[in-house]
Amino acid sequence: MKKLVIAISMLALAASAAFADPIRDRQALMKERGKIVGGLSKVAKDEEPFDAAAVLTQLQALQANAEKFDIDALFPKGSESGDTTAAPKIWEDMAGFKAVEDKYLADVKAAVAAAPADADALKTQVGAIGSDCGTCHQGYRIKKG
């Protein structure tokens with residue numbers, strides 16, 4: 001009986017994965033990422049006060065977001081068309097795309113590990129993270145009209 005329950009559970013999980021919408025899923029992650037980076041940028045630009053605990057919480061949320069960004073699941077073949085701004089270059093240069101995302105994750109992890117003690121330290125970290133975002137958007141994203 002246990003084997004039957006396990007088998008049914010695995011089939012249900014596989015079926016739910018098959019019906020996942022990678023375009024919608026990656027857009028949701030990127031929207032969340034943008035919101036977090038936007039909040040950190042406001043602090044780095046002195047538009048909002050620096051609070052070390054709040055900044056660390058946001059950086060940790062950014063790391064969790066980056067760790068959920070499974071490129072193989074979010075950018076399968078066939079998801080390059082439809083309501084997406086993902087450029088065809090992603091599928092033409094998957095290794096390069098993954099390298100950019102890996103650098104981004106490494107920079108986010110470094111920012112979390114460093115736990116910025118002041119706005120100046122945060123500015124440096126947000127600069128590196130923002131540079132990673134810009135690299136990806138310039139090479140692997142279609143600009144909206």
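The table below lists the values:
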{"item": "Residue check for Val37: closer than 22 Å to Asp107 by Cα and in contact with a Pro (Cβ under 8 Å, 6 or more places away or on another chain)", "result": "no"}
{"item": "All positions within segment 76-85 that are farther than 16 Å from Ala20 by Cβ and either open to solvent by less than 70 Å² (accessible area, probe 1.4 Å) or among the aromatic types (Phe, Trp, Tyr) (or both)", "result": "Thr85"}
{"item": "Unique residue being under 14 Å from the mean Cα position of the chain (by Cα), of a type outside the set (A, V, I, L, M, F, W, C), more than 15 Å from Leu29 (Cα to Cα) and open to solvent by 60 Å² or more (accessible area, probe 1.4 Å) when the list is Lys68, Lys144, Lys103, Lys42", "result": "Lys103"}
{"item": "Residue within segment 31-44 that is of a type in the set (Asp, Glu) and free of Cβ contacts under 8 Å to residues at least 60 places away in the same chain present", "result": "yes"}
{"item": "Condition broken by Phe97, with the remaining ones in (1) in contact with a Lys or Arg (Cβ under 9 Å, 6 or more places away or on another chain); (2) open to solvent by less than 30 Å² (accessible area, probe 1.4 Å); (3) over 18 Å from Gln138 (Cα atoms); (4) in a helix (DSSP H, G or I) satisfied", "result": "(3)"}
{"item": "Count - residues of segment 53-91 that are part of a helix (DSSP H, G or I) and closer than 21 Å to Asp132 by Cβ", "result": "21"}
{"item": "Selected residue (criterion: least open to solvent (accessible area, probe 1.4 Å)) from residues of segment 106-141 that are part of a helix (DSSP H, G or I) and charged (D, E, K, R)", "result": "Asp132"}
{"item": "Meets criteria (part of a loop (DSSP other than H, G, I, E, B) and at pLDDT below 95) for Ala12", "result": "no"}
{"item": "Segment 106-130: number of residues that are free of Cβ contacts under 8 Å to residues at least 60 places away in the same chain and more than 17 Å from the chain's Cα centre (by Cα)", "result": "5"}
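The values are calculated or read from the model by the stated rules, or taken from the named source; none is laboratory data. In this text the structure is predicted, and so the values were computed from the model without any measurement. Cβ: placed from backbone, ideal geometry, glycine included. Neighbour counts: every protein chain shown. With ligands, DNA and RNA removed, areas are computed over all heavy atoms of the protein, side chains included. Shrake-Rupley method; radii C 1.70, N 1.55, O 1.52, S 1.80 Å.
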